[in-house]
Each structure stands twice: as structure tokens, then as C-alpha cells.
Amino acid sequence: MGEAMREQDASIVFSLDIGTRSIIGVVGEVVDGKLHVLAIEKENHGQRSMLDGQIENIGQVAQVAKHVIERLQKRTKIRLARVCVAAAGRALKSEAAAFTLELPTVQPITDDDISHLEAGAVSESEQVIIEQSDDQNDQYYMVGYTVTGYRIDGYPMSSIKDHSGKVLEAEVVATFLPRGVVDSLYAVVSKVGLEVASLTLEPIAALNAAIPADIRLLNLVLVDIGAGTSDIAICRDGSVVGYTMATIAGDEITELLMRTLLVDFETGEHLKMSLNQDKPVTYTDILGLSHDVDAKQLQELVSPSVSTLAEEIAQRVLDLNGRLPSAVFLAGGGCKLTGLREKVAEALKMDPNRVTVAGNHFQRNSYAEEYNLNDPEYATPLGIAISAGLGLINDSYVILLNGEPAKLFRSGSLIIRDLLMMNGHNYNDMMGRTGENLTFTLNGERKFFRGGLPVPPVLLLNGELATLTDTVHAGDHLQFVPAKPGEDASKRISDVLGSDFKGSVTVNGAKARLDAVIHTGDDIWADRKEPVEELEPEPVPTPTPVVKPAKASPAPADTPSGDAGQIRITLNGEKLMLFGKPGGDPYYLMDLLKFSDLDFQNLDKPVELRVNGEPGQFQEIIKDGDSVEIV
């Protein structure tokens, strides 16, 4: 009988690098703060089931992954159940955008205000990407973002917390992954019967293997050159500040050899791997003729393509970094191309000694008795395992979102707002959207009706009410119900003229009935035969709700609800009866603003909110018998 298999416990880390040309698996065990590599297995795709780092045929990729897993299990005697994976940098999409937030009055700026502001800017970035997409229904996961500037009341600021102002602006550059890229990775893992333990980006994983944290104060670049893509990550001041990719990589060299020497793809790959051999290589072309070629001839043949690859990498680095970096590390199988290191240095106009092949630092965080871990091809698979095993990124642990493991990409402190955006939720889900306003003219006079306020989201962290700026930790459980948009302002002609109006009405020059619905921009003229009833007064404008969800407990089950339900409260010392909302939704403190008699357009002092003598929040639920002050 064979040796018994042991289960994969918390100390065992298993990573899969699902690349364009091959899948590499690494199994390691965390020992004294380092990853002890127990086994590495690699298998090439039998068919071109991957295209430029993106999974094309899920079934074929899963079959290759299964072979790698089986061999790893046989060698380690460990039954693998959880795997760490990474998404290719080719799919990353970045876009700059800005967002403006107007506070109800001049007031000190809080963390919640900044969170509100930045979330709006990130969602604007996503909207730009969606509008540029061929499919307007595409969904994206936010990977990370950088704030490029703030303004308070028009003045540029590097930091805005605790400053006072009314109109806030933020400009960001946000990066997203299309949902299809992430879902295809999860589909492959599911097909082989495993669970995704962590998900990161390939350029970040490679950087975590190649560039130790203690040298990231320098402006360093990691270029991971695979078969289909060349992923680029940049760090400075101690953290990763950007990532991008070049659209050409090792496959360009293979395809050049195919065209020039009339060989199939497999033969072209074999010849590319022979560029550094000393002895001649024999190959057969598609006509069945045999040829001998030495490495020097092959190197001369591919030299123009290597130069093109180097120039593309250099341009991407300069575009993203904005200046020459301190040093460049080349990783991935493609970095072994003869002359590439020198050509990258030449294209960047850098000292060749400052462009190096990654690998020298791999053993800072990992070791193995059986393998030479300095191989730059191990940068991504080893980086995925190191990142998860040593906790170098937040996705090395599980956070549950509505009962399912959340997708996490970014390193550094993570707040609930970022986690939600990383899982496809946008600004409107978190903040709610006020209903559309209605604006029209009646007999030449502008009329305005404000849309309804949104129903706030439900946000529970480990069963307790939470805010978007609360920090999440390993093992946390988050429940999130998106905000509901407010109702659009809606009026019929009879609502503004009175149902007993006598006379003729035209809308945009055409005769109209009294029950016609009014649309924004309509030009209405009413020819009265008798005095018209007083028009409905415009609602009192309300301030933008604070982003912080309610701290109060949810309304009790016996709170009256439905169209007939009602609650009695005291507002500023006066008794007030509130009839139930349609659908049984509760009343929030923000709903009472319109009853407060305050002119929010002309405030000269901050508004004070109190419920039963305690400070109140806009999204606090109001219960029967509450005493509310809005002054």
C-alpha cells in the first residue's frame, strides 16, 4: 500500500501560475518566516488554449492544471484543497477621472467625506472604461487607485482631512480587471475541485518575489516577460504605485521564427529555447526538409524582434513611471532572450548594470534543497506562493462577503469601501442615488421638483453595524445590501395646475391632456379661463447624506409599516405624525430635514442633529416616540 496522504493544513501554500504557454505549480510550507519549497511542477499547454495570458478554453486549461496538481500531490503526499492564483496584467484597464462632492455647509472634512469623495471618483473611472467597452454590460473589479489631486473650494490641496470647505474635488487614476478574467480563473479552479484561497495580480506577485520590501523605498521596476504579455510593476516610497503591460512578449519571437524558417509553433518554441545553446540545432520545416542552424544564426535572426520588445518595455516604463527608475529587474521565461537586458538598458538610456535579471533576491523569502530558485521563470509562481504564505498582500487570507470569499487584490490597509469596489460594487450601491429631479417651465416660469432620497445600504461587519471606512481583517464576515435609489420626481399637468383647471394646455407647442406626464425640459403653457390654484411649493433642498451608515439598531419588528402604519415623534419640540412609507421602509433622520423649517440654501452655521438627546446621523432609523432636534 502507498504512503498515506496528509491534508493541506494552514502552513501549506499551493500556487498555480496559469500562463500563456504553460502552468507552473509550487507547493511550499511556511517555516520560520520563509517559504520552504517542497515541489515544483510544470506542464505546457498541448493546444493554444491561452491567448496573451487570458484563458480561452477553460476545459483544456483545467486538464493541464489537473496533471500538474496530480504530480505535485504524488511528490509531496499532500492532498491539495486550496490554491493561490493570479490574474494576468494584460487585462488591466486604468482610467483617470474626477468627482465633486458638495457638503451642506462649510465644515471640517472627515474621513467619511474623503471616502465618499474618492469612491465617487473611482466609480467615475469605471464608468469611463465601461463607456469605452464594446459591451456596456461589462462588470469590473477595482484593483487599486491613486489620488492624483484634491481641491477644496477650487484650491489645490495635497491633503484635505480636517481642513474646512464646502465643495470638494478629487482626481484619481483607478485600475480595474474585467469580470470575465477573474471568473475564468475561478472556473478553472472549480473544475479541478479546488477552492481559491487567494487572488492577486501577476505583476504584484512577481514583484513580491523579486524585490524585497526593505528596498522598495527606491524607485524600482519589475518586468515579468511571459509568452503572451510583459507585465510591469513599479514601486517607490515603500509601496507598489502602478502596474501596466506591454502587448508583445516571447510569442513574438516564436512567430518570427515560424515565418522565417517555415516551421510550426512547437518547432518555433524549441528553436527559441535553443538561442543560448553552443551546439547547432537540427529542425524540420513544414515541407519536411531538415536543416541545421547554430545559436549565433538564430540570435541574428531574432535580434530585430528583441529590439522591438525592449523598446516597447522601455516606453511603457517611462509612460507609467514618468522618469527613469533607479533600477529595472527582468523576470519570466522571456527575460532569458539573448541581448534583451542590454537592449532594455539601451532603450531606457540607463547604465546596463542597473538592468538585471531577477532571481538574486528570491532566497530572501524562500529556500529549497532540490531546486535552483534563482531561475527568473519562477518569479510569478514563487511570488504567488510567497505573497500568500508570508502575508505580503491582503489576499493571503479570506474575508467573507455575503457568505462567499471576497476577491481581494491590493496590499496595505483595507477598508470596507475598497473591499466592496474590489468585488464589483460601485458608488451608487454604497451611497445610493437620489431620484432624478424634474425641471420644466410653466408659462415661462421655471419649476423645479427634487427627486426622492435613496434608501441607505445595510452594512454589517461581524454582525455589528459598520461604516464604509471601517477596516476589515482576516476572517471577518461582511453583510452588504446595496442602497436603493430614490424615486424620480414625477408630476402630471393636473398636479401643478389643479384637477379642476379649466382651459387649454400645450406642451412643447402641442395640445395636451391634464393627465399627461411632465418630462424634464418640457415647455408648458396654460390658458386659464379662471384663477389657478396655488402651485405646489418647491421642496426644501436637502444636503448630500453623510456616507456613514446608521449607528442605531434596526427598527424593531413591531414598528408600524405599510401605507397605513404611522409613528409619532417630537421634532424640535413639536409633535409630528409620520405615515408609513410604501413597502414598509423605515423613516431615517434625513427624511425629517424637510420638516425642520431650515433654509439649507442659506445656512451660516453647521446643522446640529440629535436623537433623544444624543448626536444623530443622517441615516439613523427613527422609531416611534423618538425626540429629534434639527437646529
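Details
- Taken over segment 58-80, the criterion of being loosely packed, with under 15 Cβ neighbours inside 10 Å and at pLDDT below 90 is satisfied by G59 alone.
- Screening S366, S396 for residues that are in contact with a strand residue (DSSP E or B) (Cβ under 8 Å, 6 or more places away or on another chain) and modelled with pLDDT of 80 or more leaves exactly one candidate, S366.
- Among the residues making up segment 186-203, those that are assigned to a helix (DSSP H, G or I), over 11 Å from R82 (Cα atoms) and not basic (K, R) are Y186, A187, V188, E202, P203.
- Qualifying residues in segment 506-526 (those that are part of a loop (DSSP other than H, G, I, E, B) and either hydroxyl-bearing (S, T, Y) or in contact (Cβ under 8 Å) with a residue 40 or more places away in the chain (or both)) - the one surrounded by the most Cβ atoms within 10 Å (Cβ to Cβ): I518
- Residue match in segment 103-120 (condition: assigned to a loop (DSSP other than H, G, I, E, B) and either assigned by TED's automatic domain parsing to the domain that holds N321 or at pLDDT 85 or above (or both)): yes
- Single condition S159 does not satisfy, out of (1) assigned to a loop (DSSP other than H, G, I, E, B); (2) closer than 25 Å to A327 by Cβ: (2)
Condition check ((1) in contact with a helix residue (DSSP H, G or I) (Cβ under 7 Å, 6 or more places away or on another chain); (2) crowded, with 16+ Cβ neighbours inside 10 Å; (3) of a type in the set (F, W, Y)) across all residues:
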| position | (1), (2), (3) |
| --- | --- |
| L414 | yes, yes, no |
| R417 | yes, yes, no |
| G463 | no, no, no |
| I493 | no, yes, no |
| V496 | no, yes, no |
| K502 | no, no, no |
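- Restricting S303, S307, S290, S326 to those that are in contact with a strand residue (DSSP E or B) (Cβ under 9 Å, 6 or more places away or on another chain), over 19 Å from A210 (Cα atoms) and surrounded by fewer than 18 Cβ atoms within 10 Å (Cβ to Cβ) reduces the list to S290.
- Condition check for R492: within 45 Å of the chain's Cα centre (by Cα) and farther than 26 Å from K407 by Cα: yes
- Flag for I248 being modelled with pLDDT of 75 or more and either within 18 Å of T380 (Cα to Cα) or out of contact with any Lys or Arg (no Cβ under 7 Å at 6 or more places or on another chain) (or both): no
- Sole exception among (1) modelled with pLDDT under 65; (2) closer than 15 Å to D624 by Cβ; (3) not basic (K, R) for N602, by number: (2)
- Pick from segment 181-195, criterion of a type in the set (A, V, I, L, M, F, W, C) and closer than 17 Å to Q73 by Cα, ranking: farthest from the chain's Cα centre (by Cα): V192
The values are calculated or read from the model by the stated rules, or taken from the named source; none is laboratory data. Only a predicted model underlies this, so the values are computations on that prediction, with no experimental measurement involved. No Cβ is skipped: glycine too gets one built from the backbone with ideal geometry, and neighbour counts run over all protein chains shown.
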